[in-house]
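Below you'll find the structure, written out as structure tokens, and then a few comments.
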Amino acid sequence: MPFSHLYGTLTDLRNRLYDRGLLRSYSPGAPTISVGNITTGGTGKTPLVAYVAMVLANRGEKVCILTRGYGRQNASERVVVSDGRKIVSDPKSAGDEPVELAHKLSGKAIIIADADRVAAAEWALKEFGVTVFILDDGFQHRRAKRDIDIVCVDATDPWGGRKSLPGGRLREPIAGIRRADVVVLTRSDLVANVEDLRSEISHWNPDAALFTAQNEIVRVTEVEDFYSRLQNPELNTADTSNRSPFDVFNVIRNKATNEILLAAFCGLGNPENFFMQIRKEVEKNRDLDLCTTRSFPDHHCYTQADIDDLETRQGAGADAFVTTVKDAIKLSGLRFSIPCYVVEIDVILDEPDTFAELL
């Protein structure tokens, strides 16, 4: 607790120094939108970054996402993850979330991993003729100026225990949300109601535009097919049929029981949200059952030993594994004795037209 108090005090002091101009912010050189959060762990930020990039790209902007790229081998190196046409890097050199974004935004955005996002922006302007930047996880990265600050608040755990690191998950005191121009309540469909949370946010920041969002499973793909699409972006088209994404499991239906037993695993900041999403889908399908789950540390790099252990402990009796895109991009070359499927999730906003016009 003393360290949490110290951390909160220091981050508050740093913000005050920026607010008063004693610490300097630098313009990236083009209109800039930050998408970040006030807590550590998974808040649904990455799908929202992809959503923002898609809206802007569809309106003719040349979008560049600037990201730090957590968990990559050389954090000080500048890495082009996507040149706007194809993925040109891998999770080890770029980080898993940037490659995940590159997969979702094939042909829609340039993605650069660099700890110095101001320098990366200057380079990208000259190299690619960027017209708009998106700062991925940029709320606390105040060295880069932004025109809009979008903050994700996870409705299932909004304030991370209401304590700053390391006693809780707050990156800065809750009052920091006053800097936000837009607040998006993510995973709102996984809680009974969000009205109390909306009221609390409005108390802290009555001027912020407030949206709610939920995650929707849009596609489930066997991992081999997922990698084919990763390497061939032209295959990355959405399924426009009215089928449930989970119909893909019909090919492995257990003929004796007429059931499909799933085992879920992931390495996320908030793995329980992924498991809740799978359980929600399973409840709609009487033939599906989630028999077991397994979480790994955030940004975990998988080995064959991990997969063998999964199959021994969690996979026994299961018909298939399910995992996330963030995890799947780190499974290349690993062998599964039972099928492994990749669950692809998009974010759905309550007022998409209003949000797009605001951007």
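The values are calculated or read from the model by the stated rules, or taken from the named source; none is laboratory data. Just so we're clear, the structure is a prediction, and the values are computed from it rather than from any experiment. Glycine gets a Cβ as well: all are built from the backbone with ideal geometry, and neighbour counts include every protein chain shown. For the accessible areas, the whole protein counts, side chains as well, though only heavy atoms, and no ligand, DNA or RNA atoms are used. Shrake-Rupley method; radii C 1.70, N 1.55, O 1.52, S 1.80 Å.
Leaving out ligands, DNA and RNA, what percent of the accessible area of the range 97-176 is carbon and sulfur, probe 1.4 Å?
48
Please work out whether the range 248-346 counts as rounded, prolate or oblate from its C-alpha gyration tensor, where a ≥ b ≥ c are the square roots of the eigenvalues and a/c under 1.5 means rounded, while otherwise a/b larger than b/c means prolate and anything else oblate?
Oblate.
Averaged per residue, what accessible surface does the chain expose to a 1.4 Å probe, in Å²? Before the final figure, lay out the partial values.
Details: 16370 Å² over 359 residues.
Accessible area per residue: 46 Å².
Which of rounded, prolate or oblate describes the range 49-151 when judged by the alpha-carbon gyration tensor and an a/c cut-off of 1.5?
Rounded.
When the dipole is taken about the Cα centre of the chain, and only Lys, Arg (+1) and Asp, Glu (-1) are charged at their Cβ, what size is it in debye, to the nearest 20?
Roughly 1060 debye, rounded to the nearest 20.
Could you state the angle between the C-alpha long axis of helix 117-128 and the longest principal axis of the C-alpha atoms of the chain, as a value from 0 to 90 degrees rounded to the nearest 10?
Tilt relative to the chain: about 80 degrees.
About the Cα centre, and with charges only on the beta carbon of Lys, Arg (+1) and Asp, Glu (-1), how big is the dipole of the range 107-164? Nearest 20 debye, please.
180
If eta is 1.567 mPa s and T is 4 °C, what Stokes-Einstein diffusion coefficient results for the range 164-238, Kirkwood Rh from Cα pairs, in µm²/s?
After rounding, the answer is 82 µm²/s.
If I fit a long axis through the Cα atoms of helix 195-204 and take the longest principal axis of the Cα atoms of the chain, what angle between them do I get, 0 to 90°, rounded to 10?
Between the helix axis and the principal axis of the chain, the angle is about 20 degrees.
Once you sort the root eigenvalues of the Cα gyration tensor of the chain as a ≥ b ≥ c, which label holds: rounded (a/c under 1.5), prolate (a/b larger than b/c) or oblate (the other case)?
prolate
Just how many pairs of Lys in the chain have C-alpha atoms closer than 12 Å, counting pairs that are eight or more places apart or on different chains?
5
Pick from 296, 133, 321 the residue whose mean-square fluctuation is largest in a GNM of the chain, springs joining Cα atoms under 10 Å.
Judging by the Gaussian network model, the answer is 296.
With charges only on Cβ, +1 for K and R and -1 for D and E, what is the dipole size of the range 55-173 about its Cα centre, in debye, rounded to 20?
Numbers: 20 positive and 18 negative charges, 29 e Å.
Result for the range 55-173 is approximately 140 debye, rounded to the nearest 20.
Collect residues whose amide H, placed 1.01 Å from N in the peptide plane, falls under 5 Å from the amide H of residue 219; neighbours closer than 5 in sequence don't count.
Residues meeting the criterion, in which the H sits 1.01 Å from N, are 344.
When DSSP beta bridges are limited to those with both residues in the chain, what percentage is antiparallel, rounded to the nearest 5?
Approximately 25 percent, going by the DSSP bridge assignments.
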